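Since every read-out is calculated from the coordinates, none of them should be taken as a lab result. Just so it is clear, the model here is predicted, and its values are computed rather than measured. Neighbour counts run over all protein chains shown; Cβ positions are idealised from the backbone, glycine included.
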Amino acid sequence: MRRESPAAHRNAQPIALALRAVLPDVGRVLEVPCGSGVHSAKLSAAFPNLDWLPADLDPEALASTTLWLDEGSARLQAPQHLDVTQLPWKLDPVDVVLAVNLIHAAPPQVTPGLVRGAAMALNPGGVLVLYGPFRESGELCASNIAFEINYLQQTDPRWGVRELDDVTALAATVGLIRESRIEMPANNLLVVFRRRDVSTTSDVG
């Protein structure tokens, strides 16, 4: 069955606008998770020169995304199964790993799996892009506190909004240096980490 996602329809445009300053002109994007497939269709259409590979752990998400393929770009590929905690990922190198609303809606081990897997999968100079809510210096806005308590932890007690400084520190250990932090609607952030040699130093943006 093809799933709908009002939130994905709503935030696809602002995400696409933010990504225009981030994504390469040509290359290969891994989108994980692909969820309903709405983002796969809309974002691939916004970047028709990029090869777009959706992936997910959930068979129902893969089935739904398959039913959205016709509304994406000609370079939108069939979705494939991917568990980000199973390293290394069995796929060809990519230039972008895009994770929208993943690490807060997943058990804690997903974050290191995603970060380490991306570091291995990305071509030199490639980027890991995370979108969603984050704690910053331990602080979280009221709406995201309510979201965490009333939805995330009610769904699974292991879920929760992650601390951006912790993710940044983890990423740096595998050569992914935080390059930008972009404020997005509804108290979300779009955070970009670029793959560099682990000996490279950089100011955090």
Residues that are touching a residue at least 24 places away in the same chain (Cβ under 8 Å), in contact with a Leu (Cβ under 7 Å, 6 or more places away or on another chain), of a type in the set (A, V, I, L, M, F, W, C) and within 19 Å of Leu190 (Cα to Cα): does the stretch 60-79 have at least one? no
Going by the conditions given, is Ser36 part of a loop (DSSP other than H, G, I, E, B), without any contact (Cβ under 8 Å) to a residue 40 or more places away in the chain, of a type outside the set (A, V, I, L, M, F, W, C) and in contact with an Asp or Glu (Cβ under 8 Å, 6 or more places away or on another chain)? yes
Of the residues in the stretch 54-76, those that are buried (at least 20 other Cβ atoms within 10 Å of the Cβ), within 25 Å of Ala119 (Cα to Cα) and in contact with a helix residue (DSSP H, G or I) (Cβ under 9 Å, 6 or more places away or on another chain) come to Pro54, Ala55, Asp56, Leu76
